[in-house]
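As structure tokens, the structure follows; a few thoughts come after it.
The values are calculated or read from the model by the stated rules, or taken from the named source; none is laboratory data. Nothing here was measured: the structure is a model prediction, and the numbers come from that model. Cβ sites come from the backbone with ideal geometry, for glycine too, and all protein chains shown count toward neighbours. Accessible surface areas use protein heavy atoms only, side chains included; no ligands, DNA or RNA. Shrake-Rupley method; radii C 1.70, N 1.55, O 1.52, S 1.80 Å.
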Amino acid sequence: MTDRSQRLLDSSGPRGPKPRRRFSKNNILVYGVLFIAAVYYLLPLYVMVVTSLKGMPEIRVGNIFAPPLEITVQPWVKAWSGACTGINCDGLQRGFWNSVRILIPSVLLSIAVASVNGYVLSRWRFKGAEFFFSLLIVGAFIPYQTMLYPIVIILREIGLMGDLGGLVLVHTVFGMPILTLLFRNYFAGIPEDLHKAARIDGAGFWGIFFRIMLPMSLPIFVVAMILQVTGIWNDFLFGVVYTRPDTYPMTVQLNNIVNSVQGIKEYNVNMAATLLTGLVPLVLYFISGKLFVRGIAAGAVKG
Amino acid sequence: MILVTLVVFIGGTLWTIIHSFTSSRLLPKLNFAGLDQYERLWGTRRWLVSIDNLMLYGLLSLLLTLVIGFTLAAILDRKIRGENAFRTIYLYPYALSYIVTGLAWQWILNPDLGIQSVVRGMGWQSFSLNPLNNPDTVMYGILVAGIWQGSGLIMIIMLAGLRGIDADIWKAAKVDGIGTIKTYLRIIVPMMRPVFITALVAIASGIIKLYDLVVALTNGGPGISSEVPAKYVIEYMFRAQNLGQGFAASTMMLLSVMIIIVPWLYLEYGGRKNDR
């Protein structure tokens, strides 16, 4: 940093009143950095969108940054219902519906179980609860790779290897540590007196859970839901290990479509397929705003 | 369910560790072979390349993500017009899966039709940007995509940390005539140590798991030049039918995670217990 620019940066205090000259050199520098960063983050999305709307001849001769001369939705149609993986040519829709069928039960089941767990750990202390809780936290950090094979054996034993049901179980189990932690910490913040008052009034274990804890914790349920929906939808590892081609979730099928070595590469179809796969978490991101940030921040440090 | 979780997590992990000392191949067997698998592992070029790649990727990604995340957060913290819009733009890649990230960047970095061809088309014929097909640069290509996906999260964590800093600190620094950059480096960053540690753990645990991104971008190629440990584990367990190697490699991964996590857990949770 030169002396000159150093002085420029110092000239307005970071907490001071809004600078009057909107285009001072300092501001140009600051907005310049923000703008360049924004280009870096937006570029791939932009390129994906324009590529997916072009025809293949235009892609072969053109510039990947240029907007389409002729807009066509053909690549999207083909990606959804005609792209091939191996011998199947029914498009990404199969992966999409598989992912939906995995997502809904996994999210509901894991949140139901984890919220009760969190409730028990925060309010109905039992012997060894602390130890139990520490084990769970450590569990959250174990790399998935060390548990992959034992789970294959378990799933084979109960006959769910390769089934969507097996994957639902896997997602539920792996969602447990982080979700339980999330719910326990939230419930622990609800005043103890409420709990005591309810007990005096004769409410039991479930009565307190459904009539006091649940109504007071809607935000944390939304956070947990966001965390699980993005996590499960974006999962690739479990999908590739525990399913077979006809039960592949969307991410696995997408990778197979795009990275297949056979045939001519149809980049427009590939990009449409990629966007289709990213659409669910992206929509969730744009509609949920601040809660999304809380959800992913909570999940940032899991195994 | 919670009990099932613990049985799967603890039991499964122990099972894997125990079986890493056997010579299991197609099926897990308890024919103990001592440290054979580990000796083989550390004598395999593919594993050594994986470790090298992970170190390079890990170090650079840690450094760059922290610097980019903190810089963007520090700028956004200075009462910026359109802060929300910028924040939304920086974070959205984090909502996307590594597969989507990898495929998008694979297309942008495509040597025949991507950035390279565009710049050459503008008249700069000798321009070359083809990291994914060169063994020496492939990890940097993966790095660009990884940072694109993950730095927004770190920016958010840092921004939350910066917002938690008392405005009086800034006033005091100003009164003492300390420059902005110096205030950040000497006062604010040291104050944000816990935030940096959280960010560090988040980045580090993500780095060790690096798998999907590599599969989508290069599938380990060219040759074995972008292999990573997590991929090694999967390949040996489910494709090469050499379970023992897979178990030994995954145990090494567990060990490295524990080296990072245990001190942090101790600081985070062990410390709090003493306060009570």
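Some values worked out for this structure:
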| quantity | calculated |
| --- | --- |
| Per-residue average of Cβ from other chains inside 10 Å of A:129-140 | 3 |
| Residues whose placed amide H lies under 5 Å from that of B:Thr22, excluding near-sequence neighbours | B:Ala33 |
| Relative packing of peptides B:13-20, A:229-236 - highest average C-beta neighbours within 10 Å first | A:229-236, B:13-20 |
| Part-to-part distance (alpha-carbon centres) for region B:25-53 and region A:82-135, which is given in Å | 32 Å |
| Other protein chain Cβ atoms within 10 Å, averaged over every residue that makes up B:250-256 | 4 |
| Distribution of pairwise C-alpha distances over the protein assembly as shown, 10 Å bins, in % | 3, 15, 25, 26, 18, 9, 2, 0, 0 |
| Solvent-accessible area per residue for region A:135-193 (1.4 angstrom probe, square angstrom) | 32 Å² |
| Karplus 3J(HN,Hα) series, Hz, for region B:182-197 with 6.51 cos²θ - 1.76 cosθ + 1.60 (x for Gly, Pro) | 5, 4, 4, 6, 8, 10, 5, 4, x, 5, 8, 3, x, 5, 4, 5 |
| Over chain B, relative contact order from alpha-carbon pairs under 8 Å, at least 6 apart, % | 30 percent |
| Ranking by accessible area, most exposed first, for B:Asp168, B:Asp212, B:Asp112, A:Asp90 with a 1.4 Å probe | B:Asp112, B:Asp168, A:Asp90, B:Asp212 |
| Protection-proxy order for peptides A:139-149, B:26-36, each taking the mean of Cβ atoms within 10 Å per residue, highest first | A:139-149, B:26-36 |
| Peptide A:34-45, shielding by other chains (average Cβ, 10 Å cutoff) | 6 |
| Estimated inter-spin distance, A:Glu157 and A:Phe210, nm [label 7 Å along Cα→Cβ] | 3.4 nm |
| Estimated 222 nm signal from helices in chain B, with DSSP H stretches of n ≥ 4 weighted -39500 (n - 2.57), rounded to 500 | -19500 deg cm²/dmol |
| Mean ellipticity per residue at 222 nm, deg cm²/dmol - from DSSP H runs of n ≥ 4 across chain A, formula -39500 (n - 2.57) | -22000 deg cm²/dmol |
| Equivalent-ellipsoid semi-axes of region A:62-164, from the Cα gyration tensor, Å, largest first | 43, 20, 15 |
| Binned Cα-Cα distances of chain B, short to long, each 5 Å bin given as a whole percent | 1, 5, 10, 12, 13, 14, 13, 11, 8, 6, 4, 2, 1, 0, 0 |
| Contour minus Cα-Cα distance for A:Asn185 and A:Glu130 (0.36 nm per residue) | 18.5 nm |
| Loop-located trypsin sites (Lys or Arg not before Pro) in region B:75-113, at most 13 other Cβ atoms within 10 Å (DSSP) | B:Lys79, B:Arg81 |
| Computed over chain A, Kirkwood Rh from alpha-carbon pairs, angstrom | 23.1 Å |
| Span-rule helices in chain A, defined as complete DSSP H runs reaching 27 Å or more along the axis (Cα) with Kyte mean at least 0.0 | A:25-52, A:93-123, A:164-188, A:267-288 |
| Relative counts (whole %) of C-alpha pair distances in region B:117-276, using bins that are 5 Å wide | 1, 7, 11, 12, 13, 13, 11, 10, 9, 7, 4, 1, 1, 0 |
| Surface accessible to a 1.4 Å probe, per residue, for the residues of region B:2-275, Å² | 44 Å² |
| Protection proxy ranking, peptides B:144-157, A:64-77, average beta carbon neighbours within 10 Å, highest first | B:144-157, A:64-77 |
| Fraction of alpha-carbon pairs over 19 Å apart in region B:1-114 - percent | 74 percent |
| Volume per residue of the C-alpha convex hull in region B:199-262, rounded to whole Å³ | 85 Å³ |
| Minimum 20 Å² accessible area buried by the other protein chains, region B:206-241 residues, probe 1.4 Å, relative to alone | B:Lys209, B:Tyr211, B:Asp212, B:Val215, B:Ile234, B:Met237, B:Phe238 |
| Between region B:124-197 and region A:234-260, the alpha-carbon center distance in angstrom | 34 Å |
